[in-house]
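What follows is a single structure, written as structure tokens, with notes after it.
The values are calculated or read from the model by the stated rules, or taken from the named source; none is laboratory data. None of these values were measured; they are calculated from a predicted model. Don't worry about glycine lacking a Cβ; one is built from the backbone with ideal geometry, like all the others, and counts go over all protein chains shown.
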């Protein structure tokens, strides 16, 4: 089947998506909303703000959304608002991606899944935080969630270290780090003092446990360069597999540093379907990570990404532009489209 036929466009933008995008039922401000959240997808610029009017007993009387987003995201936001209106908070919390996809009636590719899930994540923010605040303090709260702030929160302890140690924090848990082996790389981590003695024993250098420069974490931090150089000179004497056997036998936290092929062959990734194969016309077959929250079967059944202009003829025709106008715009290089079938 030609990808430029109406059937192909149906898979990309179903009738439901087009209808919800052009004539949304729940777009607009909601005066009196007491649970509001907003989020943005920085990869494409989609932005959705969801407003809920929650009654004292927990029923969501109404839901509205606003924002700048693509047709799929806007349609998803409209569906989410529709599905939660009139529902209890517990019913709204139970809303899943499959519920939205069932209403949209469309084949959503992995690259566009976030367009559908963004309104769901905004709903979770509104219900999980704003409604909690309402129960505790009797009022709702407007939420604006920044992905930059979320990422920075993961590094919060490092920011504290940076400030308390004058901008040059000492290295922690020396000789924790990454080391080259005979055939790759390995990471070793120490948490307790006793692990250092077991580590140097497994490395065949028990004498390092008696060196006063390396007596404890504080001393090892002061002499980190010397100790790490010694450790780094030992690991190339064996393979990653050989070292992992010895280190794990000594109850030391260690693992290989994976390349992409290593990751794809990892037993856990294979067993859980962590990667799916994609057959992309013009590019061949390749692996891509599975979309979080989506089953391997759903990802595997997704259609390939379209080529530039692949669905253009069908979409323009759907918008009421006649074939002669499309042909003229193509001839004038205003539109980059394949020849109509």
### Task
Return a yes/no flag: does the range 232-251 have any residue that is within 14 Å of residue 173 (Cβ to Cβ) and either out of contact with any helix residue (DSSP H, G or I) (no Cβ under 6 Å at 6 or more places or on another chain) or modelled with pLDDT under 95 (or both).
no
### Task
Determine whether residue 86 is at pLDDT 75 or above, surrounded by fewer than 15 Cβ atoms within 10 Å (Cβ to Cβ) and not in a helix (DSSP H, G or I).
yes
## Note on the structure
Only one of 232, 219 is without any contact (Cβ under 8 Å) to a residue 24 or more places away in the chain and within 29 Å of residue 201 (Cα to Cα), namely 219
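Within 30 Å of residue 50 (Cβ to Cβ), under 35 Å from the mean Cα position of the chain (by Cα) and outside any loop (DSSP other than H, G, I, E, B) - does that describe any residue in the range 226-249?
no
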### Task
Tell me, please, whether a residue that is within 25 Å of residue 101 (Cβ to Cβ), more than 19 Å from the chain's Cα centre (by Cα) and either modelled with pLDDT under 85 or not in a helix (DSSP H, G or I) (or both) can be found in the range 321-336.
no
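Okay, residues lined up against (1) at pLDDT below 95; (2) assigned to a helix (DSSP H, G or I); (3) on the phi > 0 side of the Ramachandran plot; (4) surrounded by 13 or more Cβ atoms within 10 Å (Cβ to Cβ):
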position	(1), (2), (3), (4)
161	yes, yes, no, yes
171	yes, no, no, yes
196	no, yes, no, yes
199	no, yes, no, yes
### Query
Do we have residue 189 as in contact with a strand residue (DSSP E or B) (Cβ under 8 Å, 6 or more places away or on another chain), over 30 Å from residue 75 (Cβ atoms) and at pLDDT 80 or above here?
yes
### Query
Could you list, in sequence order, the residues of the range 185-194 that are touching a residue at least 60 places away in the same chain (Cβ under 8 Å) and surrounded by fewer than 17 Cβ atoms within 10 Å (Cβ to Cβ)?
185, 187, 189, 191
### Summary
Within the range 107-130, the residues that are out of contact with any helix residue (DSSP H, G or I) (no Cβ under 6 Å at 6 or more places or on another chain) and outside any helix (DSSP H, G or I) are 109
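Any residue in the range 99-106 that is over 25 Å from residue 298 (Cα atoms) and out of contact with any helix residue (DSSP H, G or I) (no Cβ under 9 Å at 6 or more places or on another chain)?
First pass over the range 99-106, keeping only residues over 25 Å from residue 298 (Cα atoms): none.
So far as the range 99-106 goes, no, none of its residues is over 25 Å from residue 298 (Cα atoms) and out of contact with any helix residue (DSSP H, G or I) (no Cβ under 9 Å at 6 or more places or on another chain).
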### Task
Among the residues of the range 302-320, count how many are surrounded by fewer than 14 Cβ atoms within 10 Å (Cβ to Cβ) and more than 33 Å from the chain's Cα centre (by Cα).
2
